[in-house]
Amino acid sequence: MTGLLVVAAGVLCACGTYLVLGRQLSRVIIGFGLLGHGVNLLLVLSGGDGGDPAFAGPGTTAADVDRFADPLPQAFVLTAIVITFGVVAFLLALAHRSWRLTADDEVEDDIEDRRIAAAAREGDRAGGDA
Amino acid sequence: MTALVPLPVLLPLLGAAVSLAAGRSRGVQRAVGVTTLAAVSAVAAALLAHVDGDGPVAVQVGGWPAPVGITLVADRTSVVLLLASVLTMLAVLVFAVGEGGAERTQAGFHPLYLVLAAGVAASFLTGDLFNLFVAFEVMLMASYALITLGGRPAQVRSGMTYVVISLVASTLFLLSLALVYAATGTVNMADLHTEVADLPAGVRSGLAVLLVAVFGIKSAVFPLFFWLPDSYPTAAAPVTAVFAGLLTKIGVYAMIRSQTLLFPPETRPAGLLLVVAGLTMVVGVLGAVAQNDVRRLLSFHIVSQIGYMVMGLGLFTVAGLAAAVYFIVHQIVVKTSLFLVAGVVERRTGTGHLDRLSGLARVEPLLAGLFLLAALSLAGIPPLSGFVGKLGLVEAGLDAGSYAIVAVSLAVSLLTLFSMTKIWSNAFWGPPPEPEANGTEGGPPGRRLMLAATGALVALSLAVAVGAGPLYGLAERAGHDLVDPTTYLEAVLAP
Amino acid sequence: MRLRSVILDTTVRLVFDAALVLSVYMLFAGHNQPGGGFVGGLVAGAAIGLRYVAGGLDEALAVVPVRPSLLPAVGLALAVGTALWPLAGDEPPLDHRVLEWHLPVLGEVALATATIFDAGVYLIVVGLVLMVLDGLGREGDEEAEGG
């Protein structure tokens, strides 16, 4: 069970990283969703092996404590999910705003990048003339 | 005394609630914002007096004891930085009221600003690693909204960079938390101090470097700084100022706290940190020299100055850490005041571009004086606060025998001075501009308030210099606590 | 006037009240059972979202008779209040206790102060859903009407 979850986390992180490296904002946002899920899976796993029941019911005693999953990572994951959810929602709103402003889904170049690219073109032209 | 510790987090949140309820009534919002931050400053000052006398204070939230529950800890380092941050935020809030930009047009400004204050306070006061993550996220959420407030195209573009980079850092942080918890079974920093020491050396170094990378993105060290000069300058002037003054410094604080408290001396990546520090200083200042826009130039300087703080950390000596703490206090105040000066200049002339600015010294002699004081302090000219901080760092570096980093830091100081004179000679000297060309006649409304807020911050930086004796003494005691965290551990783990 | 789907409209009207009751149940059950303020708030938020899909922005905003931003304000104040008031009695912040009363008809009633915190979270979530709809939903509505 644990091995399967580790592999799943790895696949999610790999897909997420691939998508985040793209230029389209919608892909970046989906990529962050996947990346978040992958890391959250790892966080759940940090509490111990997978497959243990999540919480104690009526009739459980202190002796059963080892049979249950560690509750702390679950609290972490819950918090992390809420936070990722909020940030991704904000990114979506920002992407929507950007789409309304530019009617485009691509991330624009950095100002500095554009300036350097322009300077390089100038340089090429000057070099060609000489 | 323990009742004071959670107040810097709770009061701004309460203020944010009232401010949100006040909605469109800007007068109420302003009163709430200023009162809240003033109250938090008073609390922080009282805490500082107590902590410096009696040692660290810890509070277990909800009454759950330390390794399990959430702990808030106030010690010398965290409280002195908290006090400097809150005073700066107060000054910037007054500036924002005078500036009348985003503050006047956006009902969300005040609540977001107070949530930001709560996140900043929580980042300083938290005693466990996961809560540090939560505090960062609270702070970042508010900052995402503040940096894009108004929704101009340039803001949306650079805000996107900022959010995406922060999200990468947060994801990495979460990943390192998972690894820390899997390795040790705790996230309480005091508890980790003992647990991490028992780990295999390889795991320890891995965790240390991972945390350096996480906080390195937040604090914009080389080579993870590229997002900062791109995203900060586009926000509203007060927002840029408060981000420049505070957010990266909290990254450095988290780095100092985690490296000194969590890891035993032999696994600390000291060499790596010193190399990173040197490169950060050099690359930042070279970037600044090449810029022609005041705010972009100053943004590169943020990066450059972060290098000095990391240098203090990288030395891992009492003197180095003390100098780093003093330097952070100095930077919070001075960097913010420089950005406020840039804000006034832009408000006055409508541009921050050096080619289009000229002769402001004639038109705005007071502003020119404020800029000169802050700029010389940044460059480290005696007897201003930057000089005291850099002197401390250089002495600590010489004591530790790290001559290369000392040489680099001195050379970078010269370049800093050079780039500051670039602003001075372009914007403040030269013939004054044509009267009709310089925006509103007699200055925009609220100009006095803006100048008063900037003046107050510059005065605070002078106070940091004049009071260097006692303040540096405090920083030295803080540095001592960082190297030997016995009192910190006792405060947190004792029942 | 936008085209309204009768089936969707009727279903939403049926589901809406049930979902709100469920959300309140979850809020109170949260102390010892799965549920809590955040989950309850999400259920209520989803119900309001359905209302928006079926009837448009005005109908969604009409669910709450006050300004949307007032909800997170009250919620935040409640949550911070539960953190602050133990400080007055020299207890750690967020310290909680169970209050019990004897009410005439209902008998013994117990309320953990943590529920007040959860109620704050509930209000914040619902309020934020409304604020997001208010901020972003207008354009979608206009497009639907225009197209």
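The values are calculated or read from the model by the stated rules, or taken from the named source; none is laboratory data. All values derive from a computational prediction rather than experimental measurement. Here the Cβ is made from the backbone with ideal geometry for all residues, glycine too, and neighbour counts use every protein chain on show.
Figures for the structure shown
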quantity: Tally of residues being over 16 Å from B:Gly100 (Cβ atoms) and surrounded by fewer than 20 Cβ atoms within 10 Å (Cβ to Cβ) across region B:345-361; calculated: 7
quantity: Restricting region A:59-74 to residues that are in a helix (DSSP H, G or I) and more than 9 Å from chain B (Cβ to nearest Cβ), the residue that is nearest to B:Ser176 (Cα to Cα); calculated: A:Gln74
quantity: Tally, over region B:231-261, of residues that are touching an Asp or Glu at 6+ places or on another chain (Cβ under 9 Å), more than 14 Å from every other protein chain (Cβ to nearest Cβ) and buried (at least 24 other Cβ atoms within 10 Å of the Cβ); calculated: 2
quantity: Single residue of region C:98-107 satisfying the filter (exposed (fewer than 12 other Cβ atoms within 10 Å of the Cβ) and of a type outside the set (Asp, Glu)) that is nearest to the other protein chains (Cβ to nearest Cβ); calculated: C:Val98
quantity: Residue satisfying all of: in region B:33-56; crowded, with 23+ Cβ neighbours inside 10 Å and either touching a His at 6+ places or on another chain (Cβ under 7 Å) or of a type in the set (S, T, N, Q) (or both); nearest to B:Glu490 (Cα to Cα) among these; calculated: B:Thr36
quantity: The listed residue being within 12 Å of another protein chain (Cβ to nearest Cβ) and of a type in the set (A, V, I, L, M, F, W, C), out of B:Ala84, B:Ala102, B:Ala39, B:Ala16; calculated: B:Ala16
quantity: Condition met for B:Gly150 (within 13 Å of chain A (Cβ to nearest Cβ), without any contact (Cβ under 8 Å) to a residue 12 or more places away in the chain and not hydroxyl-bearing (Ser, Thr, Tyr)); calculated: no
quantity: B:Gly63 being on the phi > 0 side of the Ramachandran plot, surrounded by fewer than 18 Cβ atoms within 10 Å (Cβ to Cβ) and either at pLDDT below 95 or touching a strand residue (DSSP E or B) at 6+ places or on another chain (Cβ under 7 Å) (or both); calculated: yes
quantity: Residue check, B:Phe300 assigned to a helix (DSSP H, G or I), aromatic (Phe, Trp, Tyr) and either in contact with a Gly (Cβ under 7 Å, 6 or more places away or on another chain) or over 23 Å from B:Phe136 (Cα atoms) (or both); calculated: yes
quantity: Subset of region B:206-230 (residues that are surrounded by 24 or more Cβ atoms within 10 Å (Cβ to Cβ) and either of a type outside the set (A, V, I, L, M, F, W, C) or under 13 Å from B:Lys335 (Cα atoms) (or both)); calculated: B:Gly216, B:Lys218, B:Ser219, B:Pro229
quantity: Residue count for region B:173-184, restricted to those that are more than 8 Å from chain A (Cβ to nearest Cβ) and over 17 Å from B:Ala213 (Cα atoms); calculated: 2
quantity: Residue list for region B:107-143, filter: in contact (Cβ under 8 Å) with a residue 40 or more places away in the chain and charged (D, E, K, R); calculated: B:Asp128
quantity: Flag if B:Ala270 is in contact (Cβ under 8 Å) with a residue 60 or more places away in the chain and either crowded, with 22+ Cβ neighbours inside 10 Å or not polar (S, T, N, Q) (or both); calculated: no
quantity: Filter result (β-branched (Val, Ile, Thr) and under 17 Å from A:Asp105 (Cβ atoms)) within region A:1-37; calculated: A:Val20, A:Val28, A:Ile29, A:Ile30
quantity: Flag for B:Phe327 being at pLDDT 90 or above, within 24 Å of B:Gly98 (Cα to Cα) and in contact with a Leu (Cβ under 7 Å, 6 or more places away or on another chain); calculated: no
quantity: Helices (runs of 4 or more DSSP H) (entirely within region B:68-161) containing at least 3 residues that are out of contact with any Phe, Trp or Tyr (no Cβ under 6 Å at 6 or more places or on another chain) and more than 23 Å from B:Pro229 (Cα to Cα); calculated: B:76-99, B:109-125, B:129-147
quantity: Hey, C:Ala47 among the small types (Gly, Ala, Ser), within 12 Å of the chain's Cα centre (by Cα) and under 15 Å from C:Leu8 (Cα atoms) or not; calculated: yes
quantity: Residue count, region B:1-13 (criterion: surrounded by 21 or more Cβ atoms within 10 Å (Cβ to Cβ), assigned to a helix (DSSP H, G or I) and facing chain C (nearest Cβ under 7 Å)); calculated: 2
quantity: Residues located in region B:130-146, provided they are within 10 Å of another protein chain (Cβ to nearest Cβ) and either at pLDDT below 85 or under 20 Å from the mean Cα position of the chain (by Cα) (or both); calculated: B:Asn131, B:Phe133, B:Val134, B:Phe136, B:Glu137, B:Val138, B:Leu140, B:Met141, B:Tyr144, B:Ala145
quantity: Selected residue [loosely packed, with under 15 Cβ neighbours inside 10 Å, within 12 Å of chain B (Cβ to nearest Cβ) and modelled with pLDDT of 75 or more] from A:Thr2, A:Thr17, A:Thr84, A:Thr79; calculated: A:Thr2
quantity: Selection within region B:158-172 - in contact (Cβ under 8 Å) with a residue 60 or more places away in the chain and within 9 Å of another protein chain (Cβ to nearest Cβ); calculated: B:Ser158, B:Gly159, B:Thr161
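Every residue, every condition in (1) modelled with pLDDT of 95 or more; (2) more than 17 Å from C:Ala79 (Cβ to Cβ); (3) of a type in the set (S, T, N, Q), yes or no:
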residue	(1), (2), (3)
B:Leu7	no, no, no
B:Ala22	no, yes, no
B:Ser25	no, yes, yes
B:Val32	no, yes, no
B:Ala38	yes, yes, no
B:Gly53	no, yes, no
B:Pro56	no, yes, no
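Residue by residue, here is whether (1) farther than 27 Å from B:Ala22 by Cβ; (2) more than 9 Å from chain B (Cβ to nearest Cβ); (3) modelled with pLDDT of 85 or more holds:
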position	(1), (2), (3)
C:Val39	yes, yes, yes
C:Ala44	no, yes, yes
C:Leu71	no, yes, yes
C:Ala83	no, no, yes
C:Val109	yes, yes, no
C:Ala112	yes, yes, no
C:Phe117	no, yes, yes
C:Val129	no, yes, yes
